[in-house]
1. Volume per residue, Å³, of the convex hull around the alpha-carbon atoms of the chain?
2. Counting other beta carbons within 10 Å of each Cβ, put MET206, MET43, MET21, MET170 in order, fewest first.
3. First measure r as the distance between the Cβ atoms of SER190 and VAL165, then evaluate 1/(1 + (r/R0)^6) with R0 = 41 Å and state the FRET efficiency to the nearest 0.05.
4. If you take the charge dipole of the chain about its Cα centre, with +1 on Lys and Arg Cβ and -1 on Asp and Glu Cβ, which of TRP237, ALA50, LEU177 is farthest toward its positive end?
5. Rounded to the nearest 20 Debye, what is the dipole magnitude of segment 159-256 about its Cα centre when Lys and Arg each give +1 and Asp and Glu each give -1 at the C-beta?
6. Arrange the following residues from fewest to most other Cβ atoms within 10 Å of their Cβ: VAL283, VAL252.
7. Ordered by packing density, taken as the mean number of other Cβ atoms within 10 Å over each peptide's residues, highest first, how do 297-309, 116-128 rank?
8. Given charges of +1 on the Cβ of Lys and Arg and -1 on the Cβ of Asp and Glu, with all other atoms neutral, how large is the dipole of the chain about its Cα centre, in debye to the nearest 20?
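Any read-out appearing in this document is the output of simple, stated calculations on the displayed coordinates, not a laboratory observation. This one's a predicted model, so the numbers in the text were calculated from it and none came from an experiment. A quick note on method: Cβ atoms are made from the backbone with ideal geometry, for glycine too, and the neighbour counts reach across all protein chains shown.
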Amino acid sequence: MLKPLRVLLSARKCSSFVGRMRYVNRLKEDDEACAAALQTGRMFLFHRLAPLLQHTERGTFRPATLICSGTEPHHKRTTGTEPHHKRTTGSEPLDQAAVEEVCEGNFIDLRKAFFLLTGAEAPLVAKGQALLRWHQTSGFCSATGQPTHRNQAGSQRVCSSSGIVYYPKMSPVAIVLVSDGKRCLLGRQSSFPRGMYSALAGFCDMGETLEETLCREVAEEVGLEVQSVSYSSSQHWPFPHSSFMLACHASVSPAHTQLNVDHTELEDARWFSLEEIISALQVKTPPRRGDPPVVWLPPKHAVANRLITEWTQQQQRSEAGD
């Protein structure tokens, strides 16, 4: 039986950012307010943590949106056509195939879905999946062993015995794009799809600063010593079990660029020229099985793609200045 995760896609119209944030916080903390909002809210559907996506008339993909009407959710097509309603009740379980037929979509693994989604829905889908995974693995209190129960919004779980409140957790991960001034360094793990390269990344150890994690990871994985680090941005990332990505650029001495790859960590790592990166950025979709080998990069929703794009733009400005 499919269990929909009710995710409010848009708060009521408020006059300011502060007003919107306070309204969203009320939805997370006040069960009655959340229940009332869900009467006219929207939700995504997941099956075994895979989101339900629709193929639009523009040739892109977007999450199928279910709109609540009273206490009964119904389906609204999101391709720009007239709404088509499909009412359900809690006593009518629907299997995967039935929901896909009703909503005219497919449940697609989130890693693949990230390459198909083009709009702002991708972070929402990632957040929804991360919350679902957290609820699945947090059914019992780590202190008492007793069951925990979620609130209406799913923003917390409470131990039925001790009253301990648990909130969703994210593991901090440092991700870094290393450059020697003319080239950037990318690596790939054996679990990556064929031909995909990305920036180096690793979990922060207890007690480490961001800078210490980056320097250690670069030394461990490719045998290079980082000279300088500059912060870029951050991102929630649902893999492997909800991570908080802290993205940076780092430089190494052009005189010390010989790689010593730790193959227990990486399948491969190598330097890429600006021309090679520009070519890789132009690959919009992963190559199909049987296609010639090609280097391609993480989707635009990934902070790794942002790091690579920032480096490319900086290199192009430098060359234009020369």
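1. Details: hull volume 61.6 nm³, N = 322.
Measuring per residue, one finds 191 Å³ for the Cα hull of the chain.
2. Details: MET206 4, MET43 20, MET21 12, MET170 15.
Least crowded to most crowded, the residues run MET206, MET21, MET170, MET43.
3. Values: r = 39 Å, r/R0 = 0.96.
Efficiency, from the Cβ-Cβ distance: 0.55.
4. Of the listed residues, the answer is ALA50.
5. Here segment 159-256 has a charge dipole of around 440 debye.
6. On the way: VAL283 14, VAL252 19.
By the 10 Å Cβ count, ascending: VAL283, VAL252.
7. Details: 297-309: 20.1, 116-128: 18.5.
Highest to lowest by the protection proxy: 297-309, 116-128.
8. 1340 debye
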